[in-house]
Structures are given as structure tokens and as C-alpha cells.
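The values are calculated or read from the model by the stated rules, or taken from the named source; none is laboratory data. Model, not experiment: these values are computed from the prediction. Cβ placement follows ideal geometry from the backbone for every residue including glycine, while neighbour counts extend to all protein chains displayed. Ligands, DNA and RNA are stripped out before the accessible areas are found, and what is left, the full protein with its side chains, is counted by its heavy atoms. Shrake-Rupley method; radii C 1.70, N 1.55, O 1.52, S 1.80 Å.
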Amino acid sequence: MGARLRVFLTGNQDKTLLNLRTADAPQKVKDRAEIIRLNAHGWYVEKIAAHFNLTPQTVREVLHKWEKLGIQGLWEKPGRGGKPKCKESDIVFLSECLKKEPRTYNSLQLAQKLESDRQIKLSPDRLRRVLKKGIIWKRTRKSHKGKQDPVIRQNKQSDLDMLELAAAAGEIDLKYLDESGFCAWSEPGYTYYFRGEQKRLEQSKRRGRRLSIIGFLQPIISFVYGLVIGGVDRKSYIQMMEQEAADVQKTGRIRVIVQDNGPIHRCLQVQQLWSKWEQMGLYIFFLPKYCSEMNPIELEWQHLKKDELAGKMFNDELELAYAVIDGVQARGEKGNYSIQRIKFNSNLYG
């Protein structure tokens with residue numbers, strides 16, 4: 001066995017290596033400086049290797065570089081290491097594709113696009129690591145904002161703000177109307193479950209027909225709704241509106257219904273009733289096209305589906321209807337507003 005490898009430091013050299021511990025330098029440089037100091041203070045190569053979780057050969061290479069090159073040997077030489085295949089301009093290209101193209105991409109599709117358009121070949125796994133600093137994998141959502149007319153939307157929003165101020169002052173009653181639907185089969189989502197196992201939701205024998213809901217939301221005050229099997233047709237809509245008009249006559253207060261431009265809201269039979277309803281004190285405010293986010297009842301549908309019904313399977317339309325009724329009641333209790341369910345003349349449950 002030959003003599004043990006050991007370096008010797010002057011006072012200034014030891015101080016310089018010590019100062020590197022707090023300097024703005026790569027961690028590898030700081031570790032190499034500490035290896036040299038520990039060896040100079042009597043630590044054997046094997047002990048240093050165990051301390052830094054390195055091989056003895058790696059420690060010896062650090063010490064030999066110090067003896068040959070001095071402090072310059074602590075840094076990597078220019079050009080060492082693997083060259084990045086993906087440049088900043090390539091990341092900008094992918095970012096523009098994600099922003100502007102009307103589609104979604106996963107990591108495999110992005111890697112294929114990068115190869116076809118930029119002749120850069122990266123594996124999907126490598127591309128995910130490159131992108132994770134500013135681009136992440138997340139859920140998308142549907143939107144109609146690209147179809148909106150900004151001028152019309154702004155004007156309508158100003159009118160709606162005035163109506164909301166009038167309602168807050170007690171001058172009118174303001175309600176928001178909309179329709180939505182439910183299915184017996186819920187889409188699988190995330191849940192807490194045991195490690196190594198996967199929760200399975202058994203589907204019922206048949207998917208069943210769609211259950212639809214039509215509702216009037218008066219924020220913080222009331223929610224009036226009705227359920228039908230299939231879609232909400234003009235007869236159900238007219239029945240709900242007729243009841244609102246009759247209620248307006250009893251109270252003697254002007255009531256405004258905010259709604260979208262759905263076909264049943266503007267069909268000929270409904271238009272023939274507008275003047276009658278206005279004489280009774282019931283007015284309709286139409287939202288601009290593709291601006292459903294201006295209707296707060298949309299959030300009620302979202303919470304009803306995600307908070308009360310998500311992750312459940314129902315055997316038939318009747319079980320689904322009872323679940324919706326219970327969910328609406330729970331939402332009313334949480335929001336501290338009254339609930340009223342209208343029973344239609346046909347296609348009725350409950």
C-alpha cells in the first residue's frame with residue numbers, strides 16, 4: 001500500500017476555500033473546496049468519500065486536480081456535459097402553439113410537433129422536465145369568449161349592473177333563469193383511496209334518459225325550479241314564466257328575468273306572450289350571445305353537480321331525480337335561501 005494522498009494548504013488558501021462555502025458558486029464547486037480542506041486537515045480519502053457519498057476515486061481526482069491546477073480545478077471546463085437539444089426559441093414556439101391553436105396537447109403530441117416542425121427530437125418524459133418551469137399539465141374548459149362581441153357585452157353588462165343596483169335598493173325583483181341537465185352515470189374523478197388500489201364505480205344496467213332542470217335564482221333570497229325527463233321544452237318554460245307573472249301580480253312589484261337566447265326563450269309562441277307578461281309586471285332581459293358567465297345561476301349548476309352529485313351512480317331516473325332534489329335542498333340550506341319546486345303537468349317526478 002502506497003502513501004496516503006494528502007494536500008497541504010497555506011493560510012490564505014484555506015481561507016479562500018472556506019469563503020467559497022458562502023459564495024455564489026455551484027454546489028459541486030463548494031463540495032470540492034470542502035473535500036480539499038478536509039483532506040488538508042487530516043481526513044483520509046475513504047472517510048471523505050463516505051461523508052459526501054462519493055467513490056474514493058472521485059475524491060482522489062478532486063485532490064489531483066487541486067495539486068495540478070489549483071483553485072481553477074474546482075470548476076468544470078467549458079464545454080463539459082451534455083449539450084441541450086432544446087433551445088429557448090423552441091420553448092417559445094411550443095408556448096405560442098399552446099396559446100393560439102384551438103386544441104389541447106399532451107407531452108407525446110408536443111414532442112411529435114417539435115420534431116416535425118423544428119426537427120428537435122425529445123422524448124415525452126424529457127420534454128415534461130424541460131417544460132415544468134413554466135408550463136404544467138392542467139385541466140381545460142370549454143369557452144365561447146372568442147365568439148363574443150365585446151361592444152355588445154360591455155353595453156349589456158352596464159345595463160345588468162343598473163338592474164342589480166335597482167334590485168339591491170329594493171326597487172325591483174331580479175331573477176336569473178337557466179336550464180341544465182343530469183345523467184345517471186357520473187364521470188369518474190379523483191377520490192381518496194388505499195395506496196396500490198383503484199376505486200371502481202359500477203355502472204348501472206342502463207344509462208337512462210337525461211334529467212333536465214329549469215330554475216329561477218334570486219340570489220340570497222330564493223330558488224324556484226322544476227324537473228323534467230328529457231329536455232326542457234317551451235311548454236315547461238311557459239308554465240314557469242306564467243307562474244312568475246302570476247306571482248308578480250300578487251306582489252305588485254316589477255320583476256325582471258335575466259336569461260340567455262335559447263330557442264325556447266325566443267320561439268314564436270313565447271314571443272306572443274311577452275306583451276301579456278309585461279302588462280302583468282314581468283320583464284325579460286336577454287344576455288348577449290355566448291356570455292353565459294354573466295348569469296350567476298351557472299355557478300349554482302356547477303356546485304350542484306360537483307359538490308352534491310359528483311362521483312355517484314344512479315340506477316334510474318327516479319333515483320337521480322331524488323338526488324337532485326336533495327342536492328338543491330342542501331344548496332339552499334348552505335346559502336340560506338328558500339327552495340320551491342314546481343311540478344309540471346307531464347314528465348314529472350316526485
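A few notes on this one:
- Only Lys, Arg (+1) and Asp, Glu (-1) charged, at Cβ; the chain dipole about Cα centre in debye: 2220 debye
- Calculated SAXS-style log₁₀ I(q)/I(0) at q = 0.16, 0.23, 0.26 Å⁻¹ - the range 3-72, Debye, Cα scatterers: -0.49, -1.04, -1.31
- Based on alpha-carbon atoms, the Kirkwood radius and the radius of gyration of the range 228-295 give Rg/Rh equal to 0.97.
- In the chain, the DSSP beta bridges split such that about 55 percent are antiparallel, to the nearest 5.
- Charges were assigned to the Cβ only: +1 to each Lys and Arg, -1 to each Asp and Glu. The resulting dipole of the range 1-151 about its Cα centre is roughly 640 debye.
- Going through (1) 0.95; (2) 1.14; (3) 1.26, the figure that equals Rg/Rh (Cα atoms, Kirkwood Rh) as computed for the structure here is (3).
- Applying the Kirkwood pairwise sum to the alpha-carbon positions of the range 224-346 produces a hydrodynamic radius of 16.2 angstrom.
- Per atom type, the chain shows carbon and sulfur on 50% of its accessible surface, probed at 1.4 Å.
- When each of the peptides 319-325, 91-97, 223-229 is scored by how many other beta carbons lie within 10 Å of its residues on average, the order from highest to lowest is 223-229, 319-325, 91-97.
- Within the range 204-350: Cβ-based charge dipole about Cα centre, in debye rounded to nearest 20 (Lys, Arg +1; Asp, Glu -1): 340 debye
- For VAL258, the residues whose modelled amide H falls within less than 5 Å of its own, excluding neighbours fewer than 5 places apart on the same chain, are LYS175, TYR176, LEU177, PHE285.
- Value of [θ]222 nm, deg cm²/dmol, for the chain, DSSP H segments ≥ 4, -39500 (n - 2.57) each, nearest 500: -14000 deg cm²/dmol
- When peptides 19-25, 136-142, 36-42 are ranked by their average number of other Cβ atoms within 10 Å per residue, the highest-first order is 36-42, 19-25, 136-142.
- Pairs with C-alpha atoms separated by more than 32 Å, drawn from the list LYS15/LYS77; LYS250/LYS343; LYS250/LYS312; LYS30/LYS132, are LYS250/LYS312.
- When the Cα positions of VAL328, MET294, PHE344 are compared along the charge dipole of the range 294-347, MET294 comes out farthest toward the positive end, with charges on each C-beta of Lys, Arg, Asp and Glu.
- Diagonalising the gyration tensor over the Cα atoms of the range 101-193 and scaling each eigenvalue by 5 before taking the square root yields semi-axes of 44, 22, 13 Å, largest first.
- Label point distance in nm, TRP137-HIS303, each placed 7 Å from Cα along Cα→Cβ: 3.2 nm
- Across the range 49-158 the C-alpha pair distances fall into 5 Å bins from zero in the proportions 2, 8, 14, 13, 9, 8, 9, 10, 10, 6, 3, 2, 2, 2, 2, 0 percent.
- With Cα atoms, 0 to 90° folded angle of helix 150-168 axis to the chain main axis: 70 degrees
- Seen against the Cα atoms of the chain and their longest principal axis, helix 107-118 is set at about 70 degrees.
- Using a probe of 1.4 angstrom and keeping all protein chains present, the accessible surface of the range 148-219 works out to 71 square angstrom per residue.
- Angle of helix 56-69 to the longest C-alpha principal axis of the chain, folded into 0 to 90 degrees and rounded to 10: 70°.
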